[in-house]
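For reference, the structure is listed below as structure tokens.
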Amino acid sequence: MSTPDPLADLLQSYTPSLAAICDNISTDDAGFSNCTHPIAKYFLPWWQQSIFYAMFLVMFLVAAGGNIIVIWIVLAHKGMRTVTNYFLVNLAIADVLISIFNVPFHFTYMLYQNWFFGLEYCKFAFFIAQCTISASVLTFMAIAIDRYIAIIHPLRPRLTGRIILTIIAGIWLLSLLIALPNLLYATTYDAPNRSICYLKWPDTVMDKASQQDLAYSIVVMILNYFLPMLTLFGTYARIGWELWCSKAIGEAVPMQAERVKSKRKVVKMMMAVVIIFAVCWLPTHVYFILENIYQKVHHWTYIQQVYLIIYWLAMSNSMYNPIIYCLMNARFRQGFLRFFRWCPCRTCRQSHTLLVMAHGFYSTRMSLGSERGNGSLLHTTVESLDEHLSTPSASMYRMNPMSTKTRASNYYHNRDL
């Protein structure tokens, strides 16, 4: 009996022992068992299937569509090409990949208890799921380190474009290595009337737990969840203390107050993203721990529904990030309004009209940032400004954008967000 890792267990949607889905089993020469009478209880009623279809369809459309729009917002607008936003693009790419190439296929597998897509895609589906999840977690850590350096050590030089691309390439290379066992050991087994996609490790035998699978599962759980979460919460706790609890030396000026306020908004947004990731994936890891302690969990009456709900919650993490960006960041909100300017509804038309009226300020800010060429002022003018700033100084800068240009030299040395 193979003990799958938390992600594999959810994606397989079959119980580790074929006894859970068969009335009669017999072991073949390959060390696996033949299933002769599938149990009908694993076929959900039509109304439950309809609910799950609706849940996964909404999640798929929002996750894939929303993250594609995020990629377009950053890459199509020079003013959005900042250090943090490049990492957000990398995160969006990972979410798009898992949403398109994994979710529909494994949802179908979990719902019908039958793998329709062949051996090659079984390997690819396992591989792309683990790879993109690892890439997402490592991207979270890269963003946290960048924020930490920018806020705690503001005098250190910022990351250049070449360094950013190198870090992103390293993230994907490490993710590929973590996910490689899924590509090597994922396989299919053709039982009567169904096909099963699962991880078959070299030490996999019937009615005996795979120690290699268990070891890999523990390593993945530590690398992809517990260790990153401890690091991220510790990093953002230190950043939060610096922004909310420490006091600046000397007399506070309006511009300095606005910069601190802007940094707080960006940190709040990233903390929200990390917290939602932690919440979405926590049930997956709780289930993994539970099934290793109490293996009869696979025989619970409503275990298939539990599988589907936990899997939906984990995969739904991909659809929350674009929503968070839109709600908590003015520039992304403007980008979404630009993308949906074709929408005929009254609210969209009014929002697009206001956006067009503000376009002059947006362009001036971008051109101002591009004059420096070192990236720091660009990062400041794009990410630190929010459309809801309320202090008189911020309002003055918005109403008279050219006046900002004359003041730019006074804060070139300031650190960006």
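The values are calculated or read from the model by the stated rules, or taken from the named source; none is laboratory data. Note that this is a predicted model, so its numbers are computed, not measured. Here Cβ is always computed from backbone atoms with ideal geometry, including for glycine, and neighbour counts include all displayed protein chains. Quick note on the areas: whole protein, heavy atoms, side chains included, nothing else; ligands and nucleic acids left out. Shrake-Rupley method; radii C 1.70, N 1.55, O 1.52, S 1.80 Å.
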Yes or no: P228 more than 17 Å from M270 (Cα to Cα), open to solvent by less than 40 Å² (accessible area, probe 1.4 Å) and under 27 Å from the mean Cα position of the chain (by Cα)? no
Which ones in region 179-197 are surrounded by 17 or more Cβ atoms within 10 Å (Cβ to Cβ) and either in contact with a His (Cβ under 6 Å, 6 or more places away or on another chain) or modelled with pLDDT of 90 or more (or both)? A179, P181, N182, Y185, A186, T188, Y189, S195, I196, C197
If you go through V297, V306, V266, the only one that is within 24 Å of T108 (Cα to Cα) and in contact with an Asp or Glu (Cβ under 7 Å, 6 or more places away or on another chain) is V297
Would you confirm whether any residue within region 295-317 is buried (at least 18 other Cβ atoms within 10 Å of the Cβ) and under 30 Å from S262 (Cβ atoms)? yes
Tell me, yes or no, whether region 380-390 has at least one residue that is in contact with a Ser or Thr (Cβ under 6 Å, 6 or more places away or on another chain), at pLDDT 50 or above and buried (at least 18 other Cβ atoms within 10 Å of the Cβ). no
Applying the selection to region 242-290, what residues are of a type in the set (A, V, I, L, M, F, W, C), touching a Gly at 6+ places or on another chain (Cβ under 9 Å) and either open to solvent by 50 Å² or more (accessible area, probe 1.4 Å) or modelled with pLDDT under 75 (or both)? M271
From the list F288, F277, which one is under 22 Å from L88 (Cα atoms) and in contact with a helix residue (DSSP H, G or I) (Cβ under 6 Å, 6 or more places away or on another chain)? F277
Being in contact with a helix residue (DSSP H, G or I) (Cβ under 8 Å, 6 or more places away or on another chain) and either at pLDDT 95 or above or surrounded by 19 or more Cβ atoms within 10 Å (Cβ to Cβ) (or both) is the requirement here; does L57 meet it? no
Scope region 117-151; condition open to solvent by 30 Å² or more (accessible area, probe 1.4 Å), over 30 Å from D190 (Cβ atoms) and more than 22 Å from the chain's Cα centre (by Cα); matching residues: I149
Within region 60-96, which residues are under 27 Å from V267 (Cβ atoms) and either of a type in the set (S, T, N, Q) or open to solvent by 60 Å² or more (accessible area, probe 1.4 Å) (or both)? N67, I68, W72, L75, K78, R81, T82, T84, N85, Y86, N90, I93
Reported set for region 97-116 where residues are open to solvent by less than 30 Å² (accessible area, probe 1.4 Å) and without any contact (Cβ under 8 Å) to a residue 60 or more places away in the chain is none
